[in-house]
Structure formats: structure tokens, C-alpha cells
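Novice: Sending over a structure as C-alpha cells; questions will come in a sec.
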Amino acid sequence: MIEKTDVVVIGGGVAGTAIARELSKYNVKAILVERNGSICAGQSKATIGWVHGNIALFIMYRKDYRQELKGITVKIATDGFKLFDQLASQLDIPYIRTGSLIMTINDKHVSDVEHFRIVSEELGSKLVELDKDDALTLEPNITKKYVFGVYEAPYDKIVFPPDLVIALAESADKNGVKLLQNTEVRGISEKNGLQVVETNRGSIMTRFIVNAAGTNADKVADMADARDGWENVLFRNQIFVLDKRNEGLTRNIIMQWPENYVVMPHVNGTPLIACNNYYPTSVENRDDTRTKIEWFHENIVNAQTLIPTFSPKEIIKSYGTVSLGNKEHIIEASKKNPSVINAVVKAPGMSSALAIAPMVIDILAKQGLKLMKKTDFDPYRTRIPRFHDLSDNERRTLIAKNPRYGHVVCRCEHVTEGEIIEAIKRGARTVDGVKFRVHAGLGRCQGGFCGPRVVGILAKELNIPVTSITKKGGNSNILYHETKELLKQG
Amino acid sequence: MTPQIDLVVIGGGPAGLAAAIKAKERGVPNVTVIDRDEFLGGLLHQCIHDGFGLHYLKEDLTGPEYAYRFIKKAKDLGINLLLEHMVLDISPNKKITMSSKNGLIILKPKAIVLAMGCREKNIENIRIPGTRPAGIFTAGVAQRYINIEGFLPRKDVVILGSGDVGMIMARRLSLEGLEVKAVVEVLPYVSGLIKNEIQCIHDFDIPLLLGHTVTEIRGQQQLEAVTIAKVDKNWKPIVGTEQLIKCGTLLISVGLIPENELSLSAGVELDPVTGGPIVNDRMETNIPGIFAGGNVVHVHDLVDNVSWESELAGASAAEYIMGETPPIARVIHLQAGPGIRSIVPHIITTEREVTLYIRVKKPKRNVTLRIGDILTEFKRMVRPSEMLKVRLSIEKLKEINKGDKTLPVSCYQGGRKNARS
């Protein structure tokens, strides 16, 4: 494959897809490349989906936080948060306005919570102070032992990050951006004034590159000699996903000081516990998302101090994350290589990315990309119907239109064959790709029932052998041989 | 339009089929079996090894053959068989909502038999640290891929857990030419049947590592290796005993969980020890008219017992539908005493004979099984993996004191062979 385009966006997370959608509003040719078998594979897959309305949490510990208050990070997060609702409406993204509680169970840390309140107010965020009784009325499952310093931010939202990322990607795709999954950038060079992006599936000649590769952005920037002295700082965390029968465990997103534990509801009904250990990790280990046994023990004990009834038996999945701990987003054209725009987005990513996307467009324009707005840009997109969420009558209507929407394949999440086929039509090529788009395999049995069926449907719809179906792209094949094949080889 | 159905059996595996057949034979006019798969027989369909029916049919059959006996009978009796139908919900008043390509259907039967079986514990339930590459399967899923879909996973297999499915798969994979490098079991003994330990592991010279566990998984996209370590008596890995085993496939066979999400939606009360409904000696749950049988109640090791137990559920459902439910003669709660993990049924309410299915906590030699004051039985060997079956005849049950509300069951060291009372 040799392609020629105007912009290559490297990275299919919330940053890359938001930028791709923004680009799709203009008459430019753009290609997004994602190395994993499915978009939304890096930080965006691992993050908990807390859409922050108040970013005091992100700046309050800086000595110079007062300077931050009018700074770019705050502006980006605030603008992004404002863009969220309209985008969710246009792109049919489910979300819930839960609100968040910031609290401590240790009276020594009341001053931290107080500091949070002060910074919040300076940011213009309205908080509601709750006394212990109010807090326990709102949240009956949290510890009654010590509850100090509680503030509620009533406007925070939760989203399932893949829902947001995939919606952005579908919109970009609908409006002409080419999305290439399973396409890893191996090298970047220059030829005749153009950037040549070498991938495992061929080269792309392009005028500009947008580096939205998150925790791999430094590596990508180095390929293009486009890293102007910045470095990624990385840290690791662990997240527990609880069984759906714990739905309603907390009403709010609850963040506890000083451990920074977050217990929160999920759009899907499966509460999450984010064990924000912030273990530092080096850039050499940027892809190391392994979980460690020591973390389990520590995290379970800590979670129990906040939720006394929490039992590790309720964990249906736990996973490790690697995230950017950079002080700032990096949004700039590289001085060393002006054809590369670095868009390294850190937390809060779900909101910030939405405001960063138009900023990247501005930078591209300044760098010489002619941007003419399309007259036929379609801002809308409807999500794949989710059988699980529909009423009985809605289900009947759906099945009447397409009987495959009556054939339930994922037992735990009630995902139908119709949804899985539609996910494949819209770009899912791997088992995980199907999982993130329609949730088959996300539930308590973790694909025990639906797994073989999803593999079969993928093979059939894509008209490829079952043995070439992968979990997440690359060489993550599920099955390798037909029965008796190895005996014949003898 | 809601078709009038007398009995709905949820699950078309050995339990569901046995219950449906018995109910039909007892005169229930309209019996419907619902299954989510494309074929009947449940997991029997993928159990191509033999050993099924040795007791119930006095024959040695493979899983599909055993299932076929019941499938044929069900068809001959005119039982309605709905395949690829998923029950989404059961309400406490027995309203069933199910979905299929034909649409969303609501049924309001007079009685229900729950026969949903169980699901496998997966790698997340046991929280093995490390990466999550492709190549990790629960043993039952691997069995489905191989025996039904016709595909093999990658060479060089490690099996974590010595449950029956895992051991059966050790043999199956060996017969397909994949090397099974080890079966790793945290207990000091095999957790499945001894028969399988011999026929699947030792007969194939597969290394069996008792008192060990997998401590880490390695490989980003595809599985590359696992580290295993010896464990202490608290199942904690002993530092310094770690070894790396290169492998392409990891099978997990660490236990089964009765699948009772639908039971909960109906308001059925569950026993936290078995994970299944609390049932009386008519296999009825706390909801009148909702019965249960098979692995959904408690995990069995022999399908023969599943058939017998579920027939009782079907017969009781028939009684209920015909208005012939016997009056409650008494209420006696079975109590798990020392050495006993679980007893099914949980409650005796009739004066009929009762078969108790008992699981002990630990393997022990030369023990006495004691049931109240009415029965003691010497056992040379008891194992958690081998369910004990004790028949309490009508006469025996008459020996229970009239005032007694409980019947304790215990298992203790000692006693003599041939000592039986």
C-alpha cells in the first residue's frame, strides 16, 4: 500500500479521533492510523470515563496553582467540558450526569479537601458542602466510621470511553477520513518535501503528521525528529470492574483523599474502582500494563476502608493502566520538524481532547495547510441500537426489522447478533473491537459464552478463516490449527 | 398472544431434558424446553469422551450419545423444543421474557423448572497478575472450539486447575498432538475425579504439579509463558520457587459457578455455599411453582445424578400443575455439620424417601458419615470432588423425632468398616 494524503493522524484514542473528526469538517484528505487491532486501545481504553467539570483536582497541588487558574490547561478542560453535551447529542453517545464527591476518611486530610474547595471556587466551580449525615444519606454504602470534609460537584459526568472514541471515529469515517486499524508506524522520513510514514502495511506520503500517540508519542516524535526537548512522564494504576449486581453501589463518583481512590458508577451498570496508586514507570515500559499481585492486596484493603462491604469476589475484571503524568498537554508544531504537530493529551482527556482538536486545526492552518470548510459535513451519527437498553416494544420493532437483533449472543450483557454484525460493518475486525463497540464479552463471564460465537461471526462476516481472527490485532490469534492438522504433520 | 403453556423448562441440557420428559410422562399436557444454543444437550454435546450413563443407563456412553437418548425421547413425547431462545428475565409471578429471531416472547406458564447449569470460573475470578494476551481460555471454551467448531489453540499448553474439564482437556489436547507441559493445581490433591487423574494425566505422562499455582502471565499479544510457583498451606506463592514455563495456551479449570442470574430476577433464594437455589425434597425453590435441578442447584460430578435429581424436579412440577402437591408433613432443615460443605436438598417437607447429595470439605480416609441419629455409614475414602449420595428411606425418615426441626449431617474421623446403623 502506498497512499498519499494531506494529514496522517497517528493514534486512535480520544485525541486522535477527536482531531480526525475535526479534520473531516474540512476539504482535506486525512488518514488515521492505529497500531492496535481496534481503535481506542491505549489510555482511552483504560481510563475510567470521568468527565470532569471541575479541574481543581488537576492543579491544586502545584505551588503555582494560582498562575494555572487562567492558564491553558484550565481553559482547555473547561472548553472541552462545555463541548461535551452537544457532541454527545450529535453523536448519540450515552452518558450519565452523576456528580462527584470529594471527601476524606482521615481527619488529618481535611485540609486537603478544604484546599480543593478553595481552588474550585477560584476556578468558578460551585460546590456544595455536605455534612456527614448528608453524605451518608446520599451514599449509604460508604464507611460510616469517618467521613470528613465532603464537597459535591453536581455536574460531573460519566461516559464509557470507548463509546466516545468510537463515536468520534465513526463520525470522522462518515465524513471521509480513512481509519486504518492494525497499522503500526515503524518509521518516518522525508522525501521531496513530504513526510513518509512507514507502517507495517505500507507507506503513506503526507504533508503533515499529527502525533496523537499518547504514551507512545515520544517514540513517534523521535521517528520524525520532532521532539523538542519534552519528555513523557508515565505512571501506572489498577482498575477493578465490579459485578453488575453492585449497580447502585454509589450514586456519585466518589474520590477519597489521600489515597485518591475513586469509586464510581458506570454507564453499563458495573461500578468501577480506580486504585490510583500512581506508581511511576519509565518510558521504556510505556506498554507495560501488567497487574501486580502486591497491588491487589493493597488496593483491596484501601477500597474496603471506603466501602466496608466491598468484597474482592465482586471483581469481574481488573486491569493495569499506563497513563501520562505530564504537567501539561503538548499542543504545538515541532520546531525541529514543522510538518509534525504534537498533540500529546493527558488527563482529563475525555473533555480536553474535544477542545484540543480545533486548536490542532488552527496550528495546521498556520503551518500552511489550506483548510476550506466542507458544505456537506454531517455532524450526526446514530449509535448501534443496544438491545439491552431497549424497552420490550422497542425490541419487538427492532427484531421485526432485522431478526438478528433477536438472537442474543452475549448472555451477560444481552448483546445480539445484529449488533455484532453492525459493529463489524462499522469497523470492528477483532474480538476486542467487537467488545468495545457493543460490549459482548464485557460482563461477568468475560466472554465465556459469547467468545466462540463472536469469533464465528467475525470469520463469516469478514469472509476469512477462523484461524485468522485475533483478539486485538497483530499476532494475537485465538485459534491456530484445525483439528487433526497437527497429527497429519506428524 | 400468549400461548398457554403448562411447564417451561429453562435449559435443554441433561437436567432440563430429564425434567421435561418426566413431567410429560406424568401427564403435563404442554411442556416447553427453552435453550440458548443451536442444539440440545447442553454441555454434553461437546463432551465426546465416554463414561456417561454408567449408573443411570448401565451403559458407557459419550456425552452426545447420552444426550441423544433424552433428546429422542423428548421429541417422541411431543415436548416443544425452542432453540436459540434466550430467556432475559423471570418475574416473581413466573412471567418469562425471552428473545429469539422470531421476536420477543412472553410466557406465563403454571410452573417453571430452572435447569440453566453453570458457567466456568475465569482468569479474572482468580486474579492472576500479568498481561492478558490471546491464548487464555477456560477449559470448557477450549473444549467447544475443539470438539464442536473444529479448531485448536496454540501448541504447548499449561492447564491451571485440575477440575474435571481441565483434566479431560489435557487428554484431548494430547490426542490432538499438542504437548501439555503441566497441570498446575493449588491443592495438594486433584480437585476432580480420581478416574480422570489416572486416565487423563498419568496415562499421558503429563506432569502434575500439586501445591502450585500460576503467578504471572507473559506475552503482549500472544501468550508466551507463565510463571508458576509452589504455594504454602494458605495458597500463597513461596518466594524463590518460581519457574518459567514457555507456552502458547493456558487453560483455566478452577471451578464452576451455578448460573442463577435468572433465579435471582425471579426472587428465588440462593444458598451462598452452593451458589444455587435453596430447595426442598421436591426440588422446589422458595417460590411455589418454581423448581430446579442439575448444576444450577449445585455442581454435580456425574450426569447420572443430574438426570435423577432433575426427574424429581419434573415430577414435582407435574404434581404442582395437576394440583396434587402433597401437604407439608413437616419442615426439617438439613444442617451441614463438621466436615460437610453442602447438602442438597436443604429442607425435607414430605414423608417420602429422600436422596441426599452431600459434599465433604476435605479428602479423608476412614470416616463416618452421620445423619442425625438415624444413619451412620463408614466410608473408606471421601473426597470433595466426589459427591456422596445417601438414600433415606421412608422408614428411616420416620425415625426422626417428631419435634426435630433440623437434621445435622457430619463427617468425622473414625468408625469401623461394616458399622452401619
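The values are calculated or read from the model by the stated rules, or taken from the named source; none is laboratory data. Note that this is a predicted model, so its numbers are computed, not measured. No Cβ is skipped: glycine too gets one built from the backbone with ideal geometry, and neighbour counts run over all protein chains shown. Protein only, heavy atoms only, side chains kept; ligands, DNA and RNA dropped before computing areas. Shrake-Rupley method; radii C 1.70, N 1.55, O 1.52, S 1.80 Å.
Novice: If we scan segment B:36-53, do we find a residue that is open to solvent by 40 Å² or more (accessible area, probe 1.4 Å), among the polar types (S, T, N, Q) and touching a residue at least 24 places away in the same chain (Cβ under 8 Å)?
Specialist: no
Novice: Determine, yes or no, whether A:Ala459 is within 13 Å of chain B (Cβ to nearest Cβ), at pLDDT 95 or above and out of contact with any Gly (no Cβ under 9 Å at 6 or more places or on another chain).
Specialist: It is true that A:Ala459 is within 13 Å of chain B (Cβ to nearest Cβ), at pLDDT 95 or above and out of contact with any Gly (no Cβ under 9 Å at 6 or more places or on another chain).
Novice: Here's a follow-up. Looking at A:Asn200, A:Asn277, which is the one that is at pLDDT 95 or above, open to solvent by 20 Å² or more (accessible area, probe 1.4 Å) and out of contact with any Leu (no Cβ under 8 Å at 6 or more places or on another chain)?
Specialist: None of the other options fit; the residue is A:Asn200.
Novice: A further question follows. Being in a loop (DSSP other than H, G, I, E, B) and among the acidic types (Asp, Glu) is the filter; apply it to segment A:287-345 and report the residue that is nearest to the other protein chains (Cβ to nearest Cβ).
Specialist: By that ranking, first place goes to A:Asp287.
Novice: When you scan segment A:93-113, how many residues do you find that are of a type in the set (Asp, Glu) and surrounded by fewer than 16 Cβ atoms within 10 Å (Cβ to Cβ)?
Specialist: The number of residues fulfilling the criteria is 1.
Novice: Hey, does segment A:420-435 have a residue that's under 23 Å from A:Pro162 (Cβ atoms), more than 21 Å from the chain's Cα centre (by Cα), open to solvent by 10 Å² or more (accessible area, probe 1.4 Å) and of a type in the set (Lys, Arg)?
Specialist: Within segment A:420-435 (the criterion being under 23 Å from A:Pro162 (Cβ atoms), more than 21 Å from the chain's Cα centre (by Cα), open to solvent by 10 Å² or more (accessible area, probe 1.4 Å) and of a type in the set (Lys, Arg)), the answer is yes, since at least one residue qualifies.
Novice: Take A:Glu417 and tell me if it is open to solvent by 30 Å² or more (accessible area, probe 1.4 Å), more than 8 Å from chain B (Cβ to nearest Cβ) and either on the phi > 0 side of the Ramachandran plot or free of Cβ contacts under 8 Å to residues at least 60 places away in the same chain (or both).
Specialist: No: the conditions fail for A:Glu417.
Novice: Please indicate, with yes or no, whether at least one residue in segment A:368-386 is more than 11 Å from chain B (Cβ to nearest Cβ), of a type in the set (S, T, N, Q) and exposed (fewer than 15 other Cβ atoms within 10 Å of the Cβ).
Specialist: There is at least one residue in segment A:368-386 that is more than 11 Å from chain B (Cβ to nearest Cβ), of a type in the set (S, T, N, Q) and exposed (fewer than 15 other Cβ atoms within 10 Å of the Cβ).
Novice: Select from segment A:255-277 the residues that are touching a residue at least 60 places away in the same chain (Cβ under 8 Å) and under 17 Å from A:Asn54 (Cα atoms) and list them in ascending order.
Specialist: Within segment A:255-277, A:Met255, A:Gln256, A:Trp257, A:Val262, A:Met264 qualify.
Novice: Scanning segment A:462-490 for residues that are surrounded by fewer than 21 Cβ atoms within 10 Å (Cβ to Cβ), modelled with pLDDT of 95 or more and aliphatic (A, V, I, L, M), which turns out farthest from B:Gln46 (Cα to Cα)?
Specialist: Ranking the qualifying residues of segment A:462-490, first place goes to A:Leu462.
Novice: Return yes when A:Val263 is touching a helix residue (DSSP H, G or I) at 6+ places or on another chain (Cβ under 9 Å) and either of a type outside the set (Asp, Glu) or part of a loop (DSSP other than H, G, I, E, B) (or both) and no when it is not.
Specialist: yes
Novice: Just the residues that are of a type in the set (D, E, K, R) and under 12 Å from the mean Cα position of the chain (by Cα), please, taken from segment B:269-318.
Specialist: Correct list: B:Asp301, B:Asp304, B:Glu309.
Novice: Moving on. So A:Lys178 fits all but one of (1) open to solvent by less than 50 Å² (accessible area, probe 1.4 Å); (2) under 24 Å from the mean Cα position of the chain (by Cα); what number is the exception?
Specialist: (1)
Novice: I'd like to verify a number: residues in segment B:230-249 that are more than 17 Å from A:Ile293 (Cβ to Cβ), in a strand (DSSP E or B) and within 13 Å of another protein chain (Cβ to nearest Cβ), how many?
Specialist: Going through segment B:230-249 one residue at a time, the tally reaches 1.
Novice: Counting residues that are more than 14 Å from every other protein chain (Cβ to nearest Cβ), open to solvent by 10 Å² or more (accessible area, probe 1.4 Å) and of a type outside the set (S, T, N, Q), which helices (runs of 4 or more DSSP H) fully inside segment B:54-172 reach at least 1? Walk me through it before giving the result.
Specialist: Values: elements: B:63-76, B:123-126, B:139-144.
Passing ranges, in order: B:63-76.
Novice: Same structure, new question: Does B:Leu250 satisfy the criteria of being within 16 Å of B:Ser91 (Cα to Cα) and either modelled with pLDDT of 95 or more or crowded, with 16+ Cβ neighbours inside 10 Å (or both)?
Specialist: Taking the combined requirement at face value, the residue does not satisfy it.
Novice: Further, regarding this structure: Can you tell me how many residues in segment A:387-414 are facing another protein chain (nearest Cβ under 9 Å), open to solvent by 80 Å² or more (accessible area, probe 1.4 Å) and under 30 Å from A:Arg444 (Cβ atoms)?
Specialist: Of the residues in that region, 3 qualify.
For every residue, the table says whether it meets (1) closer than 30 Å to A:Ile469 by Cα; (2) within 14 Å of chain A (Cβ to nearest Cβ); (3) surrounded by fewer than 20 Cβ atoms within 10 Å (Cβ to Cβ).
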site	(1), (2), (3)
B:Leu187	no, no, yes
B:Gly192	no, no, no
B:Asn196	no, no, no
B:His202	no, no, yes
B:His212	no, no, no
B:Leu223	yes, yes, no
B:Ile228	yes, yes, no
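Novice: So which of B:Glu216, B:Glu185, B:Glu149 is among the charged types (D, E, K, R) and out of contact with any Pro (no Cβ under 8 Å at 6 or more places or on another chain)?
Specialist: Only one candidate passes the filter, namely B:Glu185.
Novice: Within segment B:347-381, work out how many residues are in a strand (DSSP E or B) and acidic (Asp, Glu).
Specialist: First, the residues of segment B:347-381 that are in a strand (DSSP E or B): B:347-348, B:354-360, B:364-371, B:375-381.
Cutting the leftovers down to acidic (Asp, Glu) gives us B:377.
Total satisfying the criteria: 1.
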